[in-house]
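Rule-based calculations on the coordinates, nothing more; no lab input. Since we're looking at a predicted model, the values are computed, not measured. Here the Cβ is made from the backbone with ideal geometry for all residues, glycine too, and neighbour counts use every protein chain on show.
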Amino acid sequence: MKKNIIALHKITKIYRMGEFKVHALKGIDLKVAEGEFIAVMGPSGSGKSTLMSILGCLDVPTSGEYVLDGKEVSKLSKDQLACVRNAKIGFVFQNFNLLPQMSAIENVELPMMYKGIKKPLRTKIARDCLAMVGLHGREHHKPTQLSGGQRQRVAIARALANNPSIILADEPTGNLDSAVSHEIMELFSRLNDEAKVTIILVTHEHDIASFAKRTITLRDGIILSGETENDTSI
Amino acid sequence: MIHPFEIMRASIRSIGANKLRTSLTGLGIMIGVAAVIIMVSLGYGASKRVSDTFSNMGTNLLVVFPGSARSGGVRLGSSTKPTLTLSDWKAILENCTSIEDAAPEVRGSAQVVFGNSNWNTTISGTTNSILNIRNWHLSEGRTFTDSELRSSAKVCIIGETVAKELFGTLNPIGRTIRINKIPVLVIGLLEPKGSTGMGQDQDDIIFVPITTAQKRLFPSPFPQNVDAILVKAKGAEFIDSAEHEVEQLLIKRHKIKDPSQKDFNIRNLQEFMDAAEESTKTMSLLLASVASVSLMVGGIGIMNIMLVTVTERTREIGIRMAIGARTSDILAQFLLEAIFVSLIGGTLGIITGCLGSIVVSHLTSWPAVLSIKSIFLALSFSVSVGVLFGFFPAWKASSLNPIDALRHE
């Protein structure tokens, strides 16, 4: 039996909008094992983004338990969450979210800098990560000098930098054309196969989701299908 | 955990990324700091000039004048009654313990002639002590000998102005001038002293032995009387006790029962000096506080720009937070940015301020005194401005919610 990286138990999230309460998540139970590659699908307003924020420790649930890599993280403070994000989670965003004034390698070094890794080691790891995503020789290019696909590769290298437990990719191909999207998804698949990186991916495109080994479908704050590893119904 | 040095590097990078904005923001601080330094140094200069003029007239100096005369119920002004005598002077010199020196003075004005030039000046009959009391030195020649003082010798020491008017470029030493038609030998030339705080030319004077003035130049019905006694206290802290001692001694010697009816006046130069210094200090404080207003305005400029920066870089803050920056890391980064900008402005302001005060003092002939203290003060002031006005924007940046910050367009 593989070790569970993520275990969600009865996670709810309620947003207050003045008088109204919005139930974004209504009791999510989810287990993710090490080395899984999961796609989260669902129409807009289904709670995908909220689920990703909670999985990514950017936000805490209103109730429920979230165990990440053996540690309960649903009640942590802001700064403790920052440390968890830094050490255990790698983010890949739709719009890349690279710092424009920094070169590719500096962007990749950034998470390691916040971890306190010294410059020489940091540079070496960043070089390796960039090589892993196929950007060898482009270390000192600024994001504006790179194509969309290359920028996303830099972002993936950055997500890999601190050797996280999990990579969360929020619509990583949303800003890319279909050819480049497939290249990026192949990179994710390769990382999952070869480096055994656990990946959770949010998308609303079925052909992108098909790269993943399991698909979870959300609707109105609950999981419709894909709750367990064996559940393959769509 | 991130090394503080790395945060510093991040701050310096983002300052460098926007050079025009940084320099304009720094300019506000620079002007403020420069203004404070110029104002403080000019203020110090002014008070130094005041204290210089006073110490020029003689430090720790007391002057005893005779009291006012009464003429049929009409009181005349100070020094109208011949009450001070040479024996008063000797008694002061012998009995008062707080004094360093004392000199009697008989003053008069006379027409002085040399060759075909002539000049009207003040003649002061006194002893060598007056030079010590008034911190005056000879640039040439010698002082009076004891026998000259005793024998009312026809010798004199002349001031710079008198020498210039009578002799022009000639060396006056060893030449004879006529004071009230009496030939007098010039034995000494005084160093130039300039004018007093009140604009009197101190160099327009001739010193003669007191006996010469009393017997030959200004013979009076009271040959023992003097116009003033100059007293030098042992030090600034002895001025009050010296004044008290002299007062008590003269009250006793003149057999005065009611001290309010005393027949002499004592003037204390230290009091004038203190009052004058006080007023210049107040003035420089006022100037500095006006100047510090511009430093405040500069600080508000920093705050303004930092707030814009925080809004502009919300996405960057979100990214940094998502990949593991803690609240304190963001706070430190933005606070350091504000501090660096104000420090750069402050340093440039110190340079400008120093140059500025030198230029201003050259143009206006006001002395400027640059003190390390005021420079240090200005620098620490600019850093505090950075902290004070940078804190709110930095706090705003650090309290952003990472999710909202990431979504910010």
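Just to check, using Stokes-Einstein with a Kirkwood Rh over alpha carbon pairs, what's the diffusion coefficient of segment A:1-128 at 4 °C and 1.567 mPa s in µm²/s? Each step should come with its number before you reach the end.
Details: Rh = 16.6 Å.
D, rounded to a whole number, is 78 µm²/s.
With just the Cα atoms defining each centre, how far is segment B:356-409 from segment A:45-87? Give it in Å. So the separation of the two Cα centres works out to 40 Å. The order of A:M112, B:M8, A:M132, A:M17, going from fewest to most other C-beta atoms within 10 Å of their C-beta, is A:M17, B:M8, A:M132, A:M112.
As a check on your grasp of the helix formula, calculate [θ] at 222 nm for chain B: sum -39500 (n - 2.57) over DSSP H runs of n ≥ 4, divide by the residue count, round to the nearest 500.
On the way: 12 runs with 220 residues, N = 409.
About -18500 deg cm²/dmol.
When both bridge partners sit in the protein assembly as shown, DSSP labels roughly 70% of those beta bridges antiparallel. Once both labels are positioned 7 Å from their Cα atoms along Cα-to-Cβ, the gap between B:S87 and B:N135 label points is 3.6 nm.
All C-alpha to C-alpha distances of segment A:76-156, sorted into 5 Å bins beginning at zero, yield P(r) values of 3, 16, 25, 25, 18, 9, 4, 1, 0 percent in whole numbers.
When the Cα atoms of chain A are aligned to their principal axes, the ranges along those axes come out at 49, 43, 38 Å in descending order.
Calculate the all-directions average of the projected area of segment B:157-257's alpha-carbon convex hull, and give it in nm². List each step's numbers first, then the result.
On the way: hull surface 37.9 nm².
The Cα convex hull of segment B:157-257, projected and averaged over all directions, gives 9.5 nm².
A Gaussian network model of chain B, with springs between Cα atoms under 10 Å, assigns the largest mean-square fluctuation among B:M30, B:M296, B:M39 to B:M296. Only alpha carbons enter this Debye calculation for the protein assembly as shown, each as an equal point scatterer, and the log10 of I(q)/I(0) it gives at q = 0.06, 0.12 Å⁻¹ is -0.58, -1.16.
Estimated from the Cβ-Cβ distance and a Förster radius of 60 angstrom, the FRET efficiency linking B:H362 and A:H140 is about 0.70. Across chain B, the relative contact order, built from alpha-carbon pairs under 8 Å that are at least six residues apart, equals 30 percent.
So for segment B:81-221, what are the equivalent ellipsoid semi-axes in whole Å, largest first, each being the square root of 5 times an eigenvalue of the Cα gyration tensor? Kindly include the intermediate steps, with their values, before the conclusion.
Values: eigenvalues 122, 60, 41 Å².
Equivalent ellipsoid of segment B:81-221: 25, 17, 14 Å, largest first.
Using alpha-carbon pairs under 8 Å, 6+ residues apart, how would you state the relative contact order of segment A:108-197 in percent? Provide the component values of the computation, followed by the final result.
Numbers: 66 pairs, mean separation 27.7, N = 90.
Reported relative contact order: 31 percent.
Specify which residue in the list B:V246, B:L287, B:G141 is farthest towards the positive end of the charge dipole of chain B, using unit charges on the beta carbon of Lys, Arg (+1) and Asp, Glu (-1), about the Cα centre. Farthest towards the positive pole: B:G141.
Fewest Cβ neighbours within 10 Å first, please rank B:F65, B:F207 accordingly. Write out the running numbers ahead of the final one.
Values: B:F65 19, B:F207 28.
Ordered by Cβ neighbours within 10 Å, fewest first: B:F65, B:F207.
What average number of partner chain Cβ atoms lie no more than 10 Å from the Cβ of the residues making up B:321-333? Intermediate values should be presented prior to the final figure.
Details: counts 7, 13, 19, 16, 8, 9, 4, 2, 4, 1, 0, 0, 0.
Rounded to a whole number, the mean comes out at 6.
A dipole drawn for segment B:265-409 from +1 and -1 charges on Cβ atoms has a positive end, and of B:F389, B:Q333, B:I350 the residue lying farthest that way is B:Q333. Between B:R253 and B:A236, the simple label model (points 7 Å from Cα in the Cβ direction) yields a spacing of 2.9 nm. Volume per residue for segment B:211-329 equals 260 cubic angstrom (convex hull of Cα atoms).
Subtract the Cα-Cα distance of B:M8 and B:R49 from 0.36 nm times their separation in residues, and report this length gain in nm to one decimal.
On the way: separation 41, 0.36 × 41 = 14.76 nm, distance 4.53 nm.
Stretched out fully, the B:M8 to B:R49 stretch lengthens by 10.2 nm.
Here, P(r) means the percent of Cα pairs in each 5 Å bin from 0 to the largest distance; for segment B:224-289 it is 3, 13, 18, 18, 15, 11, 8, 6, 4, 2, 1, 0. Across chain B, the fraction of Cα-Cα pairs farther apart than 33 Å, rounded to a whole number, is 55%.
State log₁₀ I(q)/I(0) for segment B:318-409 at q = 0.10, 0.21 Å⁻¹ as given by the Debye formula over alpha-carbon point scatterers of equal weight, solvent excluded. Each listed q maps to, in turn, -0.43, -0.95. Each Lys and Arg Cβ is given +1 and each Asp and Glu Cβ -1; about its Cα centre, the protein assembly as shown then shows a dipole of about 560 debye.
Only the Cβ atoms of Lys and Arg (+1) and of Asp and Glu (-1) were treated as charged; on that basis the dipole of segment A:131-234 about its Cα centre amounts to roughly 460 debye. Here are some pairs, A:K2/A:K88; B:K90/B:K262; A:K118/A:K213; B:K90/B:K255; which of them have Cα atoms lying more than 28 Å apart in this structure? Too far apart for the 28 Å limit: A:K118/A:K213. Of the residues B:S260, A:S46, B:S380, the one with the fewest other Cβ atoms within 10 Å heads the list, and the complete ranking is B:S260, B:S380, A:S46. The label point for B:S328 and the one for A:A87, both projected 7 Å from the Cα toward the Cβ, are 1.6 nm apart.
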